[in-house]
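See structure below.
Read-outs: derived from the displayed coordinates by stated rules, not from any lab. Treat the numbers as computed from the prediction; the structure is a model and nothing was measured. Heads up, the Cβs are rebuilt from the backbone with ideal geometry, glycines too, and the neighbour counts pull from every protein chain shown.
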Amino acid sequence: MDSPASSINKELLQKYNTAGPRYTSYPTAPVWQDSYDAQAHELTIRQTNQGANPHPLSLYAHLPFCEQRCLFCGCNVVITKQRDQAEKYLGYLFKEMETIAAWMDRSRPVVQFHWGGGTPTYLSEEQMERLFKFQTSLFQLAPDAEVAIEVDPRVTTPEQLTVLKELGFNRISLGVQDFNPQVQEAIHRVQPLDMTTHMVKHCRALGFEGLNFDLIYGLPFQTVERFTQTVQEVIALSPDRIALYSYAHVPWLSPHQTQIPEDALPETETKFRILQIALQLLTEAGYLYIGMDHFAKPQDELGQALQKGTLHRNFMGYTVQKGHLPSDLYGFGVSAISGLQGHFAQNWRKLSQYYEALDNDRIPVMRGYVLSDEDKLRQQVILAILCQGRIEYSEINNRFGIDFKAHFADSLHQLEAPAQDGLVELNEHHLVLTPVGRMFSRNIAMPFDAYLPKLSGDKPTFSKTV
Ligand code: SF4
């Protein structure tokens, strides 16, 4: 079977490999405003929890500590070997959760529960147990909730995995990136294949239902041959979901990336050939291409959601929408992001600022955003492109009371070139991404982003689409 990537030539790649948002939110974070502060967010939480709110809950807790910095990493992390820092942090995290929970309707079911980082397993077994029990004393997990954690195979012990399983975690996400030793050394993350294999076997023996792998292409010293081998090794380990991210080399945003030897980074064309071969191998092995950078086995919930049209996208990437409505996402911890029906909020990014807000009995909101009706319309259009790969104009017209073709005449005009290039089919009634177009879904979404033209400066705010 030919993968869509095999029909992409160099010309197409050069044309569409532009800087663009990943749209884990619309409007994107650079548009958010300082004027949306702790007080504004408290009001939003209280208002969206008045009366019966049919939206279920997603909870995210950010655990920022790591022992060492991996050079490719763009996450908000705190590098320290001082374990007592984690204990201090937990005290603040509990305070934040307790304060916010007091304003909420706590009978709302939690359908998605996630610990991310950083390295969540930086916490000891006792700390993990205490945090989980605290959270589940405040909120109620739905019986079919996805309870997920990101783990680093280099620091996670079998005892920690046993505790996680006993607590009720059912999905483990493993950072893998690349199995090639030279690549691993260049990114300061030495994690031999044996180590990951051992962890996978252990997770399976314990009965975790879902295993995710995170891979990255575009890293230093990667070649088509080397990454082919990595992907073959990944396929042999058979994770249920695979995220295949493009390495974003943005040293002006992440200064530690200056330690990455730029001349060892693959050229754009090589990088794309690496992506092509990975796509081909994964689809031949039976994985479904979910969108942008995600793959899943057809029987996995995400694969099922793609087939049923219930795919959603939020700050955690592609997710499964359970029930009729998307969930309200509450993010806790330093730099965490929340998204509650037309409102976004982000916590302070530095530990000192996060602590200071809570010391002053304020929730630690740094900035946020209230969506206008026009934002909500564009958000829906962008989500439909990224998750369903199509827009039926009549559905949008009925829901938002507009004439799609008139309202988005300029956006549709911008899509004429991608249509000629075979990325999207446009007709009187709908817009449908072709299989090749789904690989460039960000490019198809970008003409509907009202803020993008105002965000371009000297240094790109966003990474390239490939
Ligand atoms: S990749 Fe993971 S372990 Fe490495 S610095 Fe980033 S968050 Fe920490």
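Approximating the spin labels as points 7 Å out from Cα along Cα→Cβ, the Thr228-to-Glu392 distance works out to 4.3 nm. Label sites at Glu416 and Leu167, each approximated as a point 7 angstrom past Cα along Cα to Cβ, lie 5.6 nm apart. In this label model, Lys10 and Ile79 are separated by 3.8 nm, measuring between points 7 Å along each Cα→Cβ vector. Just add up the charged neighbours of Val190: K/R +1, D/E -1, any other residue whose Cβ is under 15 Å from the Cβ of Val190. Around Val190, the surrounding residues sum to -2.
The 3J(HN,Hα) values that the Karplus relation (6.51, -1.76, 1.60; θ = phi - 60°) gives for region 230-238 are, in residue order, 4, 5, 5, 5, 5, 4, 5, 7, 6 Hz. Gly and Pro appear as x. Students often get this wrong: which residues of region 214-236 have the backbone nitrogen under 20 Å from the point 7 angstrom along Cα-to-C-beta of His198? Output list for this probe position: 214, 233-234, 236.
Extension gain for the segment Arg106 to Lys376, taken as residue separation times 0.36 nm less the Cα-Cα distance, is 94.6 nm to one decimal. Across q = 0.15, 0.19, 0.23 Å⁻¹, region 349-423 modelled as identical point scatterers on its alpha-carbon atoms has Debye log10 I(q)/I(0) values of -0.66, -0.83, -1.10, in the order of the q list.
Among the listed pairs Lys88/Lys322; Lys95/Lys165; Lys10/Lys201; Lys88/Lys165; Lys322/Lys405; Lys405/Lys454, those with a Cα-Cα distance over 29 Å are Lys88/Lys322; Lys10/Lys201; Lys322/Lys405.
Placing R0 at 35 angstrom, the Cβ-Cβ distance between Thr270 and Ala236 gives a FRET efficiency of 0.90 after rounding to 0.05.
Counting only C-alpha contacts under 8 Å and six or more residues apart, can you give the relative contact order of the chain as a whole percent? Value for the chain: 21 percent. Put simply, when 178-186, 202-210 are sorted by average Cβ atoms within 10 angstrom per residue, most first, you get 178-186, 202-210. Tell me, what is the FRET efficiency for Ala406 and Leu325 to the nearest 0.05, using R0 = 41 angstrom and their Cβ-Cβ distance as r? That gives a FRET efficiency of 0.90. Each of Leu452, Val432, Met316 was scored by the projection of its Cα onto the charge dipole of the chain, and the greatest displacement toward the positive side belongs to Met316; charges sit on the C-beta of Lys, Arg, Asp and Glu. Note on region 28-370: Cα-only Rg and Dmax are 19.9, 58 Å. Distances between placed amide hydrogens fall under 5 Å for Val151 paired with Ser173, Leu174, Gly175, all partners being 5 or more residues away or on another chain.
With the largest listed first and rounded to whole Å, the semi-axes of the equivalent ellipsoid of region 144-281 from the Cα gyration tensor are 28, 16, 13.
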